[in-house]
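Visitor: One structure follows; several queries about it will come next.
The values are calculated or read from the model by the stated rules, or taken from the named source; none is laboratory data. All figures in this text were calculated on a predicted structure; none of them were measured in a lab. Backbone-built Cβ (ideal geometry, glycine too); neighbour counts: all protein chains shown.
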Amino acid sequence: MKKLSLHWKILIGMALGVLFGFIMSNVNGGGVFISDWIKPFGTIFINSLKLIAIPLILASLIKGVSDLKDISKLSSMGGITITTYLMTTVIAVSVGLLLVNIIKPGESISEKTRSELIQAYDSDAEKKRSAAAENKNSGPLQPLVDLVPSNFVAAASDNKNMLQVIFFSILFGISMILIPPNKAKPIKDFFDSFNEVVLKIIDLIMMFAPYGVFGLLAALIVEAPNADLLKSLLMYSLTLLLGLALMVIIYLLIVKLLTGRNPISFLKAILPAQLVAFSTSSSAATLPVTMDRVQNHLNVEKEVSSFVLPIGATINMDGTAVYQAVAAVFIAQTFGLDLSFTAQLGIISTATLASIGAAAVPSAGIIVLVIVLAQAGIPEAGLALIFAVDRPLDMCRTVVNITGDATVSTIVSKFQKTQS
Ligand code: ASP
């Protein structure tokens with residue numbers, strides 16, 4: 001018999017978790033049973049995701065940046081590629097922020113559920129709240145100052161400082177490009193294989209995911225039996241899906257306006273890649289198909305696509321960027337935290353960086369979400385809230401991630417033609 005693929009196992013884990021949660025909430029002592037014997041598996045799962053976050057950022061960014069050595073050779077193509085990637089990502093975060101502030105999915109829960117939630121995650125939420133209050137009182141350049149760690153080991157010892165680890169990794173990667181290649185080779189080989197190992201660890205953690213989501217969902221159901229929270233999770237998912245759909249429309253407009261291509265034939269050409277992205281939840285796994293569709297069906301020159309797409313798969317994740325914004329603000333709303341305008345502006349930069357730092361593999365987005373949450377002073381415990389529905393949303397954001405890469409490759413191709 002063909003082995004069931006992971007996303008099906010996770011979906012089954014989710015469904016069984018909900019079912020089990022409902023059954024246990026009607027059984028005497030069911031709630032205690034779940035919190036003693038089932039929920040810990042969910043907690044272990046979330047902890048292991050958090051555990052791998054710093055090594056993942058280190059490995060994937062140092063490898064990603066140091067792979068960019070061709071930028072000096074192909075500087076014009078490199079420049080336009082990176083600029084367009086950055087621009088689409090900032091648009092994506094802004095779309096997410098706009099929608100989540102208009103729809104306010106996290107505010108749909110009742111005061112009662114909110115105070116129960118806050119109580120459940122009390123110590124964490126309280127800490128974050130006072131940190132957020134402190135943040136509000138600091139000077140305008142404080143975020144910039146916070147970006148540069150005074151001690152690397154200290155920075156890497158706390159998930160809260162992940163932005164500092166990103167800063168160090170980029171600096172490290174750039175310096176690797178600047179030294180002679182023969183000197184850089186050993187460390188490059190080291191980080192290439194370090195990256196492989198980290199990706200394998202994520203693979204292993206994800207094998208545990210079906211059991212993790214089972215525990216998380218069962219606990220969610222018995223702890224929030226009023227269905228209030230489920231409703232707000234649904235609203236959150238719809239907000240995110242709306243944001244992702246908007247991004248696709250924006251891409252089609254860009255394709256039409258900047259390259260003069262027909263948006264429908266563009267979509268038709270990349271549909272197979274989108275389906276693979278949907279079923280694998282990984283831009284990296286989809287890369288060969290994206291390459292094929294972009295080269296052979298969108299007729300983008302090989303020279304352009306083989307440069308733009310691999311970089312895009314690692315650093316351009318617009319679906320993930322929309323998600324970071326929506327998820328972070330949703331969690332803040334659920335916990336009743338009022339994010340200031342400056343805090344939301346901060347989310348634009350952290351979410352952009354986090355989406356760049358996310359690896360092109362399943363669930364990378366929720367791992368780097370820790371950075372955005374920590375930086376904005378939002379309780380990390382909120383991860384447990386949204387994890388329940390993360391997998392299907394991951395499938396959808398990956399579709400947007402690769403659609404963004406394909407869009408940018410048509411723009412770069414057009415730009416290269418006008419240059420020559
Ligand atoms: N799964 C996504 C990708 O590979 C990343 C994410 O988790 O958002 O593109």
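Visitor: Does Asp158 meet the test of being surrounded by 12 or more Cβ atoms within 10 Å (Cβ to Cβ) and either closer than 18 Å to Ile386 by Cβ or within 20 Å of the chain's Cα centre (by Cα) (or both)?
Guide: Criteria met by Asp158.
Visitor: Would it be correct to say that Thr350 is within 16 Å of the ligand (Cβ to nearest atom), closer than 28 Å to Leu271 by Cβ and either polar (S, T, N, Q) or in contact with a His (Cβ under 8 Å, 6 or more places away or on another chain) (or both)?
Guide: No; evaluated as a whole, the condition is false for this residue.
Visitor: Pull out all pairs, ordered by first then second residue, where Cβ-Cβ is under 8 Å, the residues are six or more apart or on different chains, the first lies in the stretch 233-246 and is over 15 Å from Leu98 (Cβ atoms), and the second is in a helix (DSSP H, G or I) and of a type in the set (Ser, Thr, Tyr).
Guide: So the pair list comes out as Met235/Ser108.
Visitor: Does the stretch 242-284 hold any residues that are in contact with a helix residue (DSSP H, G or I) (Cβ under 6 Å, 6 or more places away or on another chain) and not in a helix (DSSP H, G or I), and which are they?
Guide: Once the filter is applied, which keeps residues that are in contact with a helix residue (DSSP H, G or I) (Cβ under 6 Å, 6 or more places away or on another chain) and not in a helix (DSSP H, G or I), the stretch 242-284 yields Arg261, Ser281.
Listed here are the residues, each with its yes/no results for (1) surrounded by fewer than 23 Cβ atoms within 10 Å (Cβ to Cβ); (2) farther than 18 Å from Gly243 by Cβ; (3) touching a residue at least 12 places away in the same chain (Cβ under 8 Å).
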{"site": "Ala351", "(1), (2), (3)": "no, no, yes"}
{"site": "Ala358", "(1), (2), (3)": "no, no, yes"}
{"site": "Val372", "(1), (2), (3)": "no, no, yes"}
{"site": "Glu380", "(1), (2), (3)": "yes, yes, yes"}
{"site": "Ser409", "(1), (2), (3)": "no, yes, yes"}
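Visitor: Return yes or no: is Lys2 part of a loop (DSSP other than H, G, I, E, B) and at pLDDT below 85?
Guide: yes
Visitor: Might you check whether a residue that is assigned to a helix (DSSP H, G or I), crowded, with 22+ Cβ neighbours inside 10 Å and over 20 Å from the mean Cα position of the chain (by Cα) occurs anywhere in the stretch 293-302?
Guide: Yes, the stretch 293-302 has at least one match.
Visitor: Determine the pairs where a residue that is surrounded by 14 or more Cβ atoms within 10 Å (Cβ to Cβ), located within the stretch 263-274, has a partner that is part of a helix (DSSP H, G or I) and among the hydroxyl-bearing types (Ser, Thr, Tyr) with Cβ atoms under 7 Å apart, the partner being 6 or more residues away or on another chain.
Guide: Ile270/Thr403; Ala273/Thr286; Ala273/Thr290; Gln274/Thr403
Visitor: Right, another one. Taking Leu385, is it within 22 Å of Phe214 (Cα to Cα) and more than 8 Å from the ligand (Cβ to nearest atom)?
Guide: Taking the combined requirement at face value, the residue satisfies it.
Visitor: So which of Ile62, Ile46, Ile34, Ile52 is among the hydrophobic types (A, V, I, L, M, F, W, C) and out of contact with any Gly (no Cβ under 9 Å at 6 or more places or on another chain)?
Guide: Ile52
Visitor: Give just the number: which of (1) touching a helix residue (DSSP H, G or I) at 6+ places or on another chain (Cβ under 8 Å); (2) of a type outside the set (Asp, Glu); (3) at pLDDT below 95; (4) part of a helix (DSSP H, G or I) does Leu339 not satisfy?
Guide: (4)
Visitor: How do the pairs read when you match residues in the stretch 396-407 that are in a helix (DSSP H, G or I) with residues anywhere that are among the aliphatic types (A, V, I, L, M) and near the ligand (Cβ under 10 Å from one of its atoms), using Cβ under 6 Å and keeping only pairs 6 or more apart or on different chains?
Guide: The qualifying pairs are Thr398/Ala277; Val399/Ala277; Asn401/Met317; Ile402/Ala277.
Visitor: Pick out the one residue from Phe341, Phe335, Phe330 that is within 19 Å of Gly106 (Cα to Cα), in contact with a Phe, Trp or Tyr (Cβ under 9 Å, 6 or more places away or on another chain) and away from the ligand (no atom under 16 Å from the Cβ).
Guide: Going through Phe341, Phe335, Phe330 in turn, the sole match is Phe335.
Visitor: Being modelled with pLDDT of 90 or more and either within 15 Å of the chain's Cα centre (by Cα) or of a type outside the set (D, E, K, R) (or both) narrows it down to one residue among Thr418, Thr398; which is it?
Guide: Only one candidate passes the filter, namely Thr398.
Visitor: Against the condition closer than 24 Å to Ala358 by Cβ, buried (at least 19 other Cβ atoms within 10 Å of the Cβ), under 22 Å from the mean Cα position of the chain (by Cα) and of a type outside the set (Asp, Glu), how does Val308 come out, does it pass?
Guide: yes
Visitor: Next up: Go over the candidates Ile12, Ile54, Ile34, Ile38 one by one and state the one that is of a type in the set (Val, Ile, Thr), surrounded by 15 or more Cβ atoms within 10 Å (Cβ to Cβ), at pLDDT below 90 and part of a helix (DSSP H, G or I).
Guide: Only one candidate qualifies: Ile54.
Visitor: Take the stretch 411-420 and flag every residue that is in a helix (DSSP H, G or I) and either among the polar types (S, T, N, Q) or touching a residue at least 12 places away in the same chain (Cβ under 8 Å) (or both).
Guide: Within the stretch 411-420, Ile411, Val412, Ser413, Lys414, Phe415, Gln416, Thr418, Gln419 qualify.
Visitor: Could I ask something else about it? What are the residue pairs meeting all of these: first residue in the stretch 280-294, first residue without any contact (Cβ under 8 Å) to a residue 24 or more places away in the chain and of a type in the set (Asp, Glu), second residue more than 8 Å from the ligand (Cβ to nearest atom) and in a helix (DSSP H, G or I), Cβ atoms under 8 Å, and 6 or more apart or on different chains?
Guide: Close Cβ pairs (under 8 Å, with a partner that is more than 8 Å from the ligand (Cβ to nearest atom) and in a helix (DSSP H, G or I)) amount to Asp292/Ala273.
Visitor: Separate question: Against the definition (within 16 Å of the ligand (Cβ to nearest atom), surrounded by fewer than 24 Cβ atoms within 10 Å (Cβ to Cβ) and either of a type in the set (S, T, N, Q) or farther than 27 Å from Asp146 by Cα (or both)), how does Ser363 come out, yes or no?
Guide: Against the criterion (within 16 Å of the ligand (Cβ to nearest atom), surrounded by fewer than 24 Cβ atoms within 10 Å (Cβ to Cβ) and either of a type in the set (S, T, N, Q) or farther than 27 Å from Asp146 by Cα (or both)), Ser363 qualifies.
Visitor: Another question, if that's okay. Scan Ser305, Ser283 and give me the residue that is more than 16 Å from the ligand (Cβ to nearest atom) and among the small types (Gly, Ala, Ser).
Guide: After ruling out the rest, the residue left standing is Ser305.
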